[in-house]
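The block underneath contains the structure these notes are about, expressed in structure tokens.
Nothing in this text is a laboratory measurement; each read-out follows from the coordinates by a stated rule. Given the structure is predicted, the values throughout are model-derived calculations rather than measurements. Please note: Cβ atoms are built from the backbone with ideal geometry, for glycine as well, and neighbour counts cover all protein chains shown.
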Amino acid sequence: MALVEIFKTDDYTLGVWRVEETEEELKEFVGGEYFPGLARISNSRRRLEWLAARALLREFGYTGHVMYHPTRRPFLAQSRSHISISHSYPYVAVILSSEWLVGIDIESFTRPFIEVSDKYLSKNEKKWVDVTDNRQLALIWSAKEAMYKLPGMEGLGGASMDVKPLANLAGKGEFNATVRLGGTVQRFDLYYFYLGYFNVVWVVCNPKSLEW
């Protein structure tokens, strides 16, 4: 089993899985013989990621099915808990909360984010970001991916999200961002840690505060 990280707070449970198993090994760990969602996936890596996410949920103590809204945002069958899933091979990250809205993203900061920076950086971010620092660029990208996974964010562009200046990035930490939508501005607290060349970024917020 390649469980890399799992930790719980009073508000959520977060886990990261490094895929090292075969498909059959993951199926055995997840349990059961019926995998309806898997039947629609042909890419071999994507199939492994799909199974690894379910393996993490089993580690969390959840054995039900993951369903999807029309927007592709996941939710748990027969549960009111909130969930978010991200994958960047060979890692899969999952966050689960019974009360709070959650979003998570995992990315390799070796990707050439500078090539698309004009498309996702806000005007304010362009004033302070060091475009030669791929760790900064990747963290901003992941922050926006995580926030985009919250309810009501569909169709929102990266320029409407504004990450506050990042400096002295450590192995883990927290930072802030704001989102402008529908004439209002919402503030978010985000958290991150690093796994080798990958960053994991997540956001947790009170559903009552997310009003547009």
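Side notes on the structure shown:
- The number of residues in the range 125-149 being surrounded by fewer than 21 Cβ atoms within 10 Å (Cβ to Cβ) and outside any helix (DSSP H, G or I) comes to 5.
- Long-range neighbours under 8 Å by Cβ, at least six apart or interchain, first residue without any contact (Cβ under 8 Å) to a residue 60 or more places away in the chain within the range 13-41, second assigned to a loop (DSSP other than H, G, I, E, B) and charged (D, E, K, R): Phe29/Glu21
- Inter-residue pairs, beta-carbon under 7 Å, first part of a helix (DSSP H, G or I) and in the range 44-66, second of a type in the set (Ser, Thr, Tyr), 6+ apart: Arg45/Tyr89; Glu49/Tyr89; Phe60/Thr13
- Selected residue (criterion: farthest from Arg72 (Cα to Cα)) from residues of the range 167-188 that are crowded, with 21+ Cβ neighbours inside 10 Å and not aromatic (Phe, Trp, Tyr): Ala177
- Ala159 passes every criterion in (1) outside any helix (DSSP H, G or I); (2) in contact (Cβ under 8 Å) with a residue 12 or more places away in the chain; (3) over 16 Å from the mean Cα position of the chain (by Cα) apart from (1).
- Number of the condition not met by Ile41 [criteria: (1) in contact with a strand residue (DSSP E or B) (Cβ under 6 Å, 6 or more places away or on another chain); (2) closer than 21 Å to Glu145 by Cβ; (3) among the hydrophobic types (A, V, I, L, M, F, W, C)]: (1)
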